[in-house]
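Undergrad: Provided herewith is a single structure, encoded as structure tokens, for subsequent inquiry.
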């Protein structure tokens, strides 16, 4: 059983290395592969993806796949693809400075050991500081999932719940079909307003980006 499970993991790993593929899952009965479900982005046609999967598995594993058993589901153009292996976007660091009344914020996030950094600047007011941190975080997220201008900051609010200060961030996700989805994230403020705002922003995004995108 261990050998069979290992073989399945190896083939699924090979499939996810094919260009355009986000994830792959094998369904087996006894020692036979009966179905292969693949989630891919829209950068290549399903036929190209299937051909490359067949070739990659044949070369790396010596196994000839039946293309009729491979089904490819594609995400629409402009829809952010979830990081592979279910990885979540994580806060890495923040840099905040003020000069002549203008605040500059730089945020770095981590996705599967890849770092993405973005910066914003604006008036140095108490509420705007939080908005700058959230906006920079969203720009870094867009870099990580290779989209642009789809994630717009709605608002940042502080609330008190159970005697704890909680920061809530609302993000507007503009999709290709012109619909708008509101994403909400929260984080308990443990003493650093800006870091907590970034964590709340990522909480909102991770609920959508690392899930199964069906839109």
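The values are calculated or read from the model by the stated rules, or taken from the named source; none is laboratory data. All figures in this text were calculated on a predicted structure; none of them were measured in a lab. Glycine gets a Cβ as well: all are built from the backbone with ideal geometry, and neighbour counts include every protein chain shown.
Undergrad: Considering only residues of region 178-198 that are surrounded by fewer than 16 Cβ atoms within 10 Å (Cβ to Cβ) and in contact with a strand residue (DSSP E or B) (Cβ under 7 Å, 6 or more places away or on another chain), which is modelled with the lowest pLDDT?
TA: Among them, the one singled out is 180.
Undergrad: Applying the selection to region 60-75, what residues are surrounded by 13 or more Cβ atoms within 10 Å (Cβ to Cβ), in contact with a helix residue (DSSP H, G or I) (Cβ under 8 Å, 6 or more places away or on another chain) and not in a helix (DSSP H, G or I)? First the steps, then the outcome.
TA: Initially, region 60-75 is screened for residues surrounded by 13 or more Cβ atoms within 10 Å (Cβ to Cβ), giving 60-61, 63, 65, 69-70, 72-75.
Cutting the leftovers down to in contact with a helix residue (DSSP H, G or I) (Cβ under 8 Å, 6 or more places away or on another chain) gives us 60-61, 63, 65, 70, 72, 74.
Passing the criteria: 63, 65, 70, 72, 74.
Undergrad: Looking at 160, 197, which is the one that is closer than 22 Å to residue 129 by Cα and part of a strand (DSSP E or B)? Don't jump to the end; show me each part of the working.
TA: Values: 197 fails: part of a strand (DSSP E or B).
160 is the lone residue from the list that is closer than 22 Å to residue 129 by Cα and part of a strand (DSSP E or B).
Undergrad: If you take the residues of region 25-45 that are at pLDDT below 85 and more than 16 Å from residue 64 (Cβ to Cβ), which of them is surrounded by the fewest Cβ atoms within 10 Å (Cβ to Cβ)?
TA: 30
Undergrad: Give region 1-24 a look and list any residue that's part of a loop (DSSP other than H, G, I, E, B) and surrounded by 17 or more Cβ atoms within 10 Å (Cβ to Cβ), or say none. Before you say what the answer is, go through the steps one by one.
TA: The first filter runs over region 1-24 and keeps only residues part of a loop (DSSP other than H, G, I, E, B), leaving 1, 17-20.
Matches in region 1-24: 18, 20.
Undergrad: Could you give every pair whose Cβ atoms fall below 8 Å, whose first residue belongs to region 1-15 and is farther than 13 Å from residue 61 by Cβ, and whose second residue is at pLDDT 80 or above and not in a helix (DSSP H, G or I), counting only separations of at least 6 or pairs across chains?
TA: 4/28
Undergrad: While we're here: When the residues of region 43-59 are narrowed to those that are closer than 9 Å to residue 19 by Cβ and outside any helix (DSSP H, G or I), which ends up farthest from the chain's Cα centre (by Cα)?
TA: Within region 43-59, the first condition is being closer than 9 Å to residue 19 by Cβ, and the residues that meet it are 43-44, 48-49, 52.
Narrowing further to those that are outside any helix (DSSP H, G or I): 43-44.
Values: 43: 17, 44: 20 Å.
Among those that are closer than 9 Å to residue 19 by Cβ and outside any helix (DSSP H, G or I), it is 44.
Undergrad: If we scan region 109-122, do we find a residue that is touching a residue at least 60 places away in the same chain (Cβ under 8 Å) and within 12 Å of residue 205 (Cβ to Cβ)? Lay out the reasoning, then the answer.
TA: Our first condition is that a residue be touching a residue at least 60 places away in the same chain (Cβ under 8 Å); within region 109-122, this holds for 109.
Filter once more, so that each one left must be within 12 Å of residue 205 (Cβ to Cβ): 109.
Looking for residues that are touching a residue at least 60 places away in the same chain (Cβ under 8 Å) and within 12 Å of residue 205 (Cβ to Cβ), one finds at least one in region 109-122, hence yes.
Residue-by-condition table, conditions (1) more than 16 Å from the chain's Cα centre (by Cα); (2) at pLDDT below 90; (3) outside any strand (DSSP E or B); (4) closer than 25 Å to residue 22 by Cα:
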site	(1), (2), (3), (4)
104	yes, no, no, no
121	yes, no, no, no
127	yes, yes, yes, no
133	yes, no, yes, no
139	no, no, yes, yes
144	no, yes, yes, yes
176	yes, yes, yes, yes
201	no, no, yes, yes
